[in-house]
Amino acid sequence: MIGGNPTATNSVSREDGAGFVLVRLSGEVDLSWSQDVRRVVLAAFAGDAAVGIELSAVGYIDSSGIAALVEGLQQARANGRRFALVAPSDAVRAVLELARLDRVFAIVADTDALLASA
Amino acid sequence: MTTARQRIAAAHAPPRVREADALAFLADLSRSLAVSLDLRETLPRTITQVRDFLDVEGIALFLLDAATQVLECKVSAGPVDVTGLRLAVGQGIVGRAVAEDATQLVADASADSRVWRAADETTGFVTRSIVCAPLRTAAGPIGVIEIVNRRDGKPFTDVDAELLDLVAAPAALAINNARMAGALLEQQRLKREFDLARHLQKSLLPRRRRDAFPVIGVNRPAHEISGDFYDYFELADGRIGFVVGDISGKGLDAALLMVRAASLLRWAGKDGLAPSAWLARANDELCETARDGRFVCALVGYVDRAATRVQFAGAGFPPVVVHRDGRYTGHVAGGPPLGILRGIAFESHDVALDGGTFYAFSDGATDVRDAAGQPIGLAGMRALIARHARDTPQARLRGLLGDLKRLRLVDDTTLLLIEAPQAEHPELLLARTLPARAEAMRELRAELRATFDEHGIEPRLRDRLVLAVDEACTNIIRHGYGPECEGAIALRVLRSDATLGIELVDDAPAVDPASIKPGTLGDCRCGGLGVALIDEVMDEWRIEPAEDGCGNRLVLRKRIETWACEEADES
């Protein structure tokens, strides 16, 4: 399959850095746990740091996973916060393109780029 | 060459031809001959140069026709034009040079009875002295170069003979090269013509019908072009006429007869005559023109659209096989091949298919050899049919042809199959029932990926299809069954021709198709994205009540281009 490893375990974790919160996803983001993803993404907006969603280890994402990302984007816009997808895998990019959302999200290579993007 | 040079230097004082001049001349001659592929232009010039260099009155170049063993003068220069003169191998000094593959020196021609004098007698020319050198190649002499009479009036010597020998070598090489180049061009021209013929032949085969049609065929030539063909067409009364033919012999003339026979058999069948009369009419026509002992084996017949009965007649064609309920019945469709004897009667046969399948195959199929080198015969064909009996008609023909190819096809092979058309007769790629729970989706996706890989769907499209099926399932889980409800989804992945079908059946409350609306792609709002993705990936989808009146049936379809190419390859 394109990008990611289909056997990677599903996980979501959060890293609080200097001026940013990074939500790290791995595995196959689908309906079975996309609500957990949504909660962690929305919680990342509690402070006033920039929010990045790290997606390099995501082997699959369905529309419910994309919906969680879209909610994050809406939250960022409402609060005037920086928000970007960090290093999305080919599998994620393919679905974003298919959904015509690849130009809607800011996509950056790493957290430095996230902080630099204004 | 050393010997010749030494002799040139030693025999003449002062030498008639200086060594340095001779070498320069030979080098020049070799160069101009080596770069020439058009000898009609190069040879006359070369011959004249050689005549002047050797300072002789006449010179002629003869080439040997390998088939007739006749030497013909292609170019000459001198007081008598002998171009076109023909001599047998062994005739005269020229013929002797070839027969013995050795240079001939006749110092005094008047004293030699072997000299062929006919030309002298008609022209008044006097042949005093002759040297003939064969044009040698690895495959033997291909001609002769002859010089007549030194201009200084003296007889030819060994030195002259050896000089001519030296001239003959590059000439032979050049002529041989040009012939090989010509043969190569001829081969390329033939290949182009064969490609064209194959293309034309292929275009004569009927197009595969996409609708519910009872007759399908495949044709696989063993070489560039085929002597086999099949055809089918509809009559005004709704019946379908079919033809399978096999021309005796191979090659371009067999292929041309095939074109004629194919159009003749189609024409003769359009009136709906009984199959026996149809063959008799085609036979009489073919007898008027068929030559060279070529003949045509053919099977013709009619079938109704529902394929309940087949009427047929054969002319030198292998028996047909009817397969029904696991039983195979052979039907010998007697009668001699077409194009041999006028006024022959043929016999019509009639078989009820009753849901069975009618197979006709040219002898290319039954002549295929098994591992022991024996033709597999009808018994072998039955075994092969049994192997693929569960497949759809198209997949069955594909499988049969694949097996025959593995067994080594030695002849053109044509298979024709008649069977009641199924409204939908798809090939089942995957069937699975899964609990309607989001946790079941990961395993299903892995299974779908493996299935799509196995059937040659490229990764990018595979991943999109997996996404679309996943979205369809999660929609059923979320909106069909809802959070409280337990249920199952029955999934079937099907192939019908080049179309992939995905069928999802649930027993959730009936869904109003009008209530399902896709969102807009690129829209930054949630909701409707799953359906929009399905829309984007699939060619078509629809939801309808399941057959037993409870639950829903969702069908997704996508045309797979790589499958379409496979099929185009086979028809």
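Per residue of A:29-35, how many C-beta atoms from partner chains lie within 10 Å of its own C-beta, taken as a mean?
Partner-chain Cβ atoms within 10 Å, mean over residues of A:29-35: 5.
When the helix-only estimate is applied to chain A (DSSP H runs of n ≥ 4, each -39,500 (n - 2.57), divided by the residue count), what is the mean residue ellipticity at 222 nm, nearest 500 deg cm²/dmol?
-10500 deg cm²/dmol
Please report the projected area of chain B's Cα convex hull averaged over all directions, in nm².
43.2
Is region A:11-116 best put as rounded, prolate or oblate by its Cα gyration tensor, with a ≥ b ≥ c the root eigenvalues, rounded for a/c under 1.5, and otherwise prolate when a/b is larger than b/c, oblate when not?
It comes out rounded by the Cα gyration axes.
Packing-wise, with mean Cβ within 10 Å as the measure, how do B:434-445, B:300-311 rank, highest first?
Packing order, densest peptide first, comes out as B:300-311, B:434-445.
Output the peptides B:177-183, B:123-129 sorted from most to least packed, where packing is the average of other Cβ atoms within 10 Å over each peptide's residues.
B:123-129, B:177-183
Positive end of the charge dipole of chain B (Lys, Arg +1 and Asp, Glu -1 on Cβ, about the Cα centre): tell me which of B:59, B:565, B:216 has its Cα farthest that way.
Checking the options against the dipole of chain B, the answer is B:59.
I need the phi-derived Karplus couplings for region B:479-485: 6.51 cos²θ - 1.76 cosθ + 1.60, θ = phi - 60°, integer Hz, Gly and Pro marked x.
Whole-Hz 3J(HN,Hα) from phi for region B:479-485: 9, x, 7, x, x, 8, 9.
Two decimals is fine: what's Rg over Rh for region B:427-570, C-alpha atoms, Kirkwood radius as Rh?
Rg/Rh: 0.97.
For chain B, give the magnitude of the charge dipole about the Cα centre (Cβ charges: +1 Lys/Arg, -1 Asp/Glu; no others), in debye to the nearest 20.
840
Got a sec? Charge dipole of region B:441-498, +1 on Cβ for Lys and Arg, -1 for Asp and Glu; which of B:491, B:469, B:457 is way out at the positive end?
Working it through, the farthest residue towards the positive pole turns out to be B:457.
Rounded to whole Hz and in sequence order, give me ³J(HN,Hα) for region B:393-403 from the Karplus expression 6.51 cos²θ - 1.76 cosθ + 1.60, θ = phi - 60°, writing x for Gly and Pro.
x, 5, 5, 5, 4, 4, x, 4, 5, x, 5
Within the protein assembly as shown, how many lysine pairs that are 8 or more places apart, or on different chains, have C-alpha atoms less than 21 Å apart?
Number of lysine pairs found: 6.
Could you check which residue among A:64, A:32, A:56 shows the biggest mean-square fluctuation in a GNM of chain A with a 10 Å Cα cutoff?
Sorting by GNM fluctuation, first place goes to A:32.
Return a whole-number percent for the relative contact order of region A:72-118, with Cα pairs under 8 Å and 6 or more residues apart as the contact set.
45
Please compute, for peptide A:96-105, the average count of beta-carbon atoms on other protein chains lying within 10 Å of each residue's beta-carbon.
4
Run lengths n ≥ 4 of DSSP H only: what is the helix-derived mean residue ellipticity at 222 nm for chain B, with -39500 (n - 2.57) per run over all residues, to the nearest 500?
-12500 deg cm²/dmol
Write down the Kirkwood hydrodynamic radius of region B:118-194, to one decimal in angstroms, obtained as one divided by the mean of 1/r over all alpha carbon pairs.
15.1
For region B:57-107 and region A:69-114, what is the centre-to-centre distance using only Cα atoms, to the nearest Å?
90
To the nearest 20 Debye, how big is the dipole of region B:427-570 about its Cα centre, given +1 on the beta carbon of each Lys and Arg and -1 on that of each Asp and Glu?
520
If packing is taken as the average number of other Cβ atoms within 10 Å across a peptide's residues, how do B:135-144, B:193-202, B:323-332, B:259-268 rank, most packed first?
B:259-268, B:135-144, B:193-202, B:323-332
How big is D, in µm² s⁻¹, for region B:2-181 by Stokes-Einstein at 4 °C and 1.567 mPa s if Rh is the Kirkwood radius over C-alpha pairs?
Rounded to a whole number, D works out at 79 µm²/s.
Short version: ³J(HN,Hα) in whole Hz for each residue of region A:69-80, in order, from phi by Karplus 6.51 cos²θ - 1.76 cosθ + 1.60 (θ = phi - 60°), x for Gly and Pro, what are they?
5, 5, 4, x, 4, 4, 4, 4, 5, 5, 9, x
If you project the alpha carbons of region B:205-419 onto their three principal axes, what span does each projection cover, largest first, in Å?
The Cα atoms of region B:205-419 stretch 44, 41, 29 Å along the principal axes, largest first.
Going by amide H atoms built from the backbone, whose H comes under 5 Å of the H on residue B:413, apart from near neighbours?
B:220, B:222
Taking square-rooted eigenvalues a ≥ b ≥ c of the alpha carbon gyration tensor, is the protein assembly as shown rounded, prolate or oblate, where a/c under 1.5 means rounded and, failing that, a/b exceeding b/c means prolate?
Taking the square roots of the gyration eigenvalues as a ≥ b ≥ c, the protein assembly as shown is oblate.
Only the coordinates and a few stated rules stand behind these numbers; no lab work does. For clarity, every value in this text was computed on a predicted model and none was experimentally measured. Quick reminder, even Gly has a Cβ in these numbers, built from the backbone with ideal geometry, and neighbours come from all protein chains shown.
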